[in-house]
Amino acid sequence: MPSKRHGMSERNTGEPIRLSRLMSMRGICSRREADRYIALGLVEVDGDIVHTLGYKVYPDQEVRLSPDAQTQQDRLKTVLLNKPPGYVSGQPEKGYRPAIVLITRTNAIHPNTSVPRHKGLAPAGRLDIDSSGLMVYTEDGRIAKQLIGEHSGIEKEYAVKVQGKITERCIEQLTEGIELDGKRLRRASIQQTGREQLTFILKEGRKRQVRRMCEAVGLTVKSLVRTRIGKVELTGIPRGKWRLLGNQENF
C-alpha cells in the first residue's frame, strides 16, 4: 500500500495496483522494463524515488522516469525488416531459419549502421512462413505494446494476390467481418486493385488471418506482402534488407 511519503493523499482514488503495471498501462514502458527501472531507483512517484519491486500505487498518482531512464529508452532500437518467404518471423522451426538472422551489417540498407544484439530484439507481430513484407523487431516495450497490445488499433496493410473469382459479395463479406475461431473479426477495409489482386487493411492480427479470411469466401492466397504498419511503409526496403526506425518516425 502506498505511504504518505510517496504522495498518498485524500485525492488518491481507485484500487491500488502494482507500479510496474500502471507504467505499462500508461505506455511508459513494458512491465519487465518497469521492474528493472524500479530496481535501479529510476522511477519517481509523486516526486519521490521508489526502489521496491511490487510497490503499489493509486491510478491517479504521478509517475515518471528519471532522466537517466529516459536516456536509456532513447537508446532502444527498432528494426524494420523486409522478410522474404521461407523464413519464420518468431521462434525458429525445424528446417527453417528465423528472419532475425537477416539482421546483419551486410543486409543493412545504410552503411555503418550499428546492428542491435539479436538477444534484445523481439518480434512485434508476425508473418507466416509463406508471406513476406514488413516485420518489426524491437528492444522497446512501448512499441511492442503499441503494435500488438490487447487494445492496439494500429492498421496493417497487405497486398494479396488470390486465385478464384472476386465478387462484390465476397468483398462485402470480407469487409463486414468473418467469424474465425468462434469470434467475429473487426471490420476491415478491402479493395480490389487488379484482376487477382486485393488490398487488405486490418486492425488485428489473428493467426494466418488474411489467408483464412480468403478461404472463407472461396479464394486461395497465391502471395501476400505486408506493405505498411501504421504510418511506416515498406517502401525503400528491398527484400531481405533492413533499417532502423528513425528518431522522428512513429507508427
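The values are calculated or read from the model by the stated rules, or taken from the named source; none is laboratory data. Values in this document were obtained by computation on a predicted structure and should not be read as measured data. Cβ placement follows ideal geometry from the backbone for every residue including glycine, while neighbour counts extend to all protein chains displayed. In case anyone asks, the SASA skips ligands and DNA or RNA and just uses the protein heavy atoms, side chains included. Shrake-Rupley method; radii C 1.70, N 1.55, O 1.52, S 1.80 Å.
Would you pick out the residues in the range 134-154 that are of a type outside the set (A, V, I, L, M) and out of contact with any Leu (no Cβ under 7 Å at 6 or more places or on another chain)? Steps first, please.
Keep residues of the range 134-154 that are of a type outside the set (A, V, I, L, M), which gives 137-142, 145-146, 149-153.
Selection gives 141, 142, 145, 146, 149, 150, 151, 152, 153.
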Long-range neighbours under 9 Å by Cβ, at least six apart or interchain, first residue on the phi < 0 side of the Ramachandran plot and free of Cβ contacts under 8 Å to residues at least 40 places away in the same chain within the range 197-217, second open to solvent by 60 Å² or more (accessible area, probe 1.4 Å) and polar (S, T, N, Q)
198/191; 198/192; 213/173
In this structure, does residue 134 turn out to be in contact with a helix residue (DSSP H, G or I) (Cβ under 7 Å, 6 or more places away or on another chain), surrounded by 19 or more Cβ atoms within 10 Å (Cβ to Cβ), part of a strand (DSSP E or B) and not acidic (Asp, Glu)?
no
So, of the residues in the range 43-101 that are part of a strand (DSSP E or B) and of a type in the set (Lys, Arg), which turns out to be surrounded by the fewest Cβ atoms within 10 Å (Cβ to Cβ)?
97
Before we move on, is residue 183 in contact (Cβ under 8 Å) with a residue 60 or more places away in the chain and of a type outside the set (Gly, Ala, Ser)?
no
Could you grab me the full set of residues in the range 24-42 that are assigned to a loop (DSSP other than H, G, I, E, B) and either in contact (Cβ under 8 Å) with a residue 40 or more places away in the chain or open to solvent by 60 Å² or more (accessible area, probe 1.4 Å) (or both)?
26, 27, 28, 29, 30, 40
Of all residues being at pLDDT 90 or above and outside any helix (DSSP H, G or I) in the range 160-184, which is most open to solvent (accessible area, probe 1.4 Å)? Just the residue, please.
165
Out of curiosity, is residue 125 in a strand (DSSP E or B), within 22 Å of the chain's Cα centre (by Cα), crowded, with 17+ Cβ neighbours inside 10 Å and at pLDDT 90 or above?
no
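Is it the case that some residue within the range 7-23 is basic (Lys, Arg), modelled with pLDDT under 85 and either open to solvent by 100 Å² or more (accessible area, probe 1.4 Å) or in contact with a Leu (Cβ under 9 Å, 6 or more places away or on another chain) (or both)? Can you show your working first?
Residues of the range 7-23 that are basic (Lys, Arg), as a first pass: 11, 18, 21.
Next cut, modelled with pLDDT under 85 only: 11.
Applying the additional criterion that residues be either open to solvent by 100 Å² or more (accessible area, probe 1.4 Å) or in contact with a Leu (Cβ under 9 Å, 6 or more places away or on another chain) (or both) yields 11.
Yes - at least one qualifying residue is present in the range 7-23.
Per-residue answers, yes or no, for (1) assigned to a loop (DSSP other than H, G, I, E, B); (2) surrounded by fewer than 16 Cβ atoms within 10 Å (Cβ to Cβ):
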{"site": "145", "(1), (2)": "no, no"}
{"site": "150", "(1), (2)": "yes, yes"}
{"site": "153", "(1), (2)": "yes, yes"}
{"site": "187", "(1), (2)": "yes, yes"}
{"site": "218", "(1), (2)": "yes, yes"}
{"site": "222", "(1), (2)": "no, yes"}
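Please work out which residue is modelled with the lowest pLDDT, limiting yourself to the range 139-159 and to residues that are of a type in the set (Gly, Ala, Ser) and closer than 26 Å to residue 116 by Cα. Before the answer, list the steps.
Filtering the range 139-159 for residues of a type in the set (Gly, Ala, Ser) gives 141, 144, 149, 152-153, 159.
Narrowing further to those that are closer than 26 Å to residue 116 by Cα: 141, 144, 149, 152.
Values: 141: 86, 144: 89, 149: 79, 152: 82.
Out of the qualifying residues, it is 149.
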